[in-house]
Amino acid sequence: MLLSLQNVSIHFGALKAVDGVSLQVAEGERVAILGPNGAGKTTLFNAITGMTPATGGQVLLQGQDITRATPDARAHGGIARTFQITNLFFGLSIEENLLLATRGLAKSRWAFWRSGDAMGDERSIVDSALARCHLEAKRHLLVKEISYGEQRQLELAMSLTSSPRLLLLDEPAAGLSPAERVVMAEVIRGLPKTLSLILIEHDIDLALGLVDRVVCMYQGAVLVEGRPDEIRGNPQVQEIYLGRPRGA
Ligand SMILES: Nc1ncnc2c1ncn2[C@@H]1O[C@H](COP(=O)(O)OP(=O)(O)OP(=O)(O)O)[C@@H](O)[C@H]1O
Ligand SMILES: [Mg+2]
């Protein structure tokens, strides 16, 4: 099992933001986490990345206990999340942003004098991330010149430069137009099959079309888990997540 959460909790004082969540993600598996605002989805991501370590339970990466590992150690172990838009350099090109992201995880972080070989590796990482995120044709444009949707594609491309094994996407389509959502969905669908994904998404139709398995969270806990076709018609999910029966 690539990722295994065992009874993971994060409590903020009396608030049980995450309350005893157990979840397994296999190599190459794609999982969506659904749930209403405040259900604990982002906090659960933080337990996985180490931004907010779990206050209870265990997080295992390929069987290794990383419950208390630093975010850096987890990133080196193959866990990546999308960068926030605020991490983009708006005055630099798409390609330059990707080069900087590639160097972020490199050991020689501050060594700007690079050998020809290292430069070649960087180029191929950047080229592959550009192609995966449908940004090849725009590589020389400045970030401030591209659309919001393309900025979100760039965030995703940047998270790929560390060659992760597990990628966490927190609402990758938030704020996108319908046309931009279609592109984002294609980009996510086209990610390498060996890469495991956990996707938080409020757009239930978008999410269900992209994953093998769905976990629905409510008040910090897992309410329902199943295949997309099982979740689609689940009355509990409709009531809790949508707040009303679908079509009503
Ligand atoms: N650092 C924190 N300190 C205190 N409470 C927090 C903290 N982070 C999150 N919370 C609370 O934990 C609960 C879960 O928040 P979380 O952000 O994980 O929800 P979410 O499911 O991601 O919601 P959304 O869909 O709105 O993004 C909320 O009640 C939130 O206010
Ligand atoms: Mg959230």
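Where a number appears in this text, it was derived from the coordinates with a stated rule and is not lab data. Given the structure is predicted, the values throughout are model-derived calculations rather than measurements. Reconstructed Cβ throughout: ideal geometry from the backbone, glycine too, with neighbour counts over all protein chains shown.
Phi angles of the range 137-148 translate, via the Karplus equation with coefficients 6.51, -1.76, 1.60 and θ = phi - 60°, into HN-Hα couplings of 5, 10, 3, 8, 6, 6, 4, 5, 8, 9, 6, 4 Hz per residue; Gly and Pro are given as x. Of SER196, SER162, SER177, the residue with the greatest mean-square motion in the GNM of the chain, using alpha carbon springs below 10 Å, is SER177. Taking Lys and Arg as +1 and Asp and Glu as -1, the other residues whose beta-carbon sits under 10 Å from that of ASP127 total 0. Helix 94-104 against the longest principal axis of the chain: what's the angle in degrees, Cα atoms only, rounded to the nearest 10? Tilt of helix 94-104: around 80 degrees. Between SER22 and LEU141, the simple label model (points 7 Å from Cα in the Cβ direction) yields a spacing of 4.8 nm. Compute the label zone of HIS202 within the range 152-173: residues whose backbone N is under 16 Å from the point 7 Å along Cα-to-Cβ. Correct set: 170-173. Proximity of backbone amide H atoms, modeled 1.01 Å from N, is registered between GLY57 and SER9 at under 5 Å, excluding neighbours fewer than 5 places apart on the same chain.
Please identify, among GLU136, GLU230, GLU95, the residue showing maximal mean-square fluctuation in a Gaussian network model of the chain using a 10 angstrom Cα cutoff. Top of the fluctuation ranking is GLU230.
Axis angle, to the nearest 10 degrees, between helix 178-189 and the longest C-alpha principal axis of the chain: 80 degrees. Residues of the range 9-29 falling in the label zone of ASP212, defined by backbone nitrogen less than 13 Å from a point 7 Å along Cα to beta-carbon, are 24-29. For LEU223, the residues whose amide H sits under 5 Å from its own are CYS216, MET217, TYR218, ignoring neighbours fewer than 5 places away on the same chain, with H placed 1.01 Å from N. Short to long, the 5 Å bins of the Cα pair-distance histogram for the chain hold 1, 6, 13, 17, 18, 16, 13, 8, 5, 2, 1, 0, 0 percent of all pairs. Modelled label positions at HIS134 and SER177, each set 7 Å beyond Cα in the direction of Cβ, lie 1.3 nm from each other.
Rounded to the nearest 10 degrees, the angle from helix 116-132 to the longest Cα principal axis of the chain is 40 degrees.
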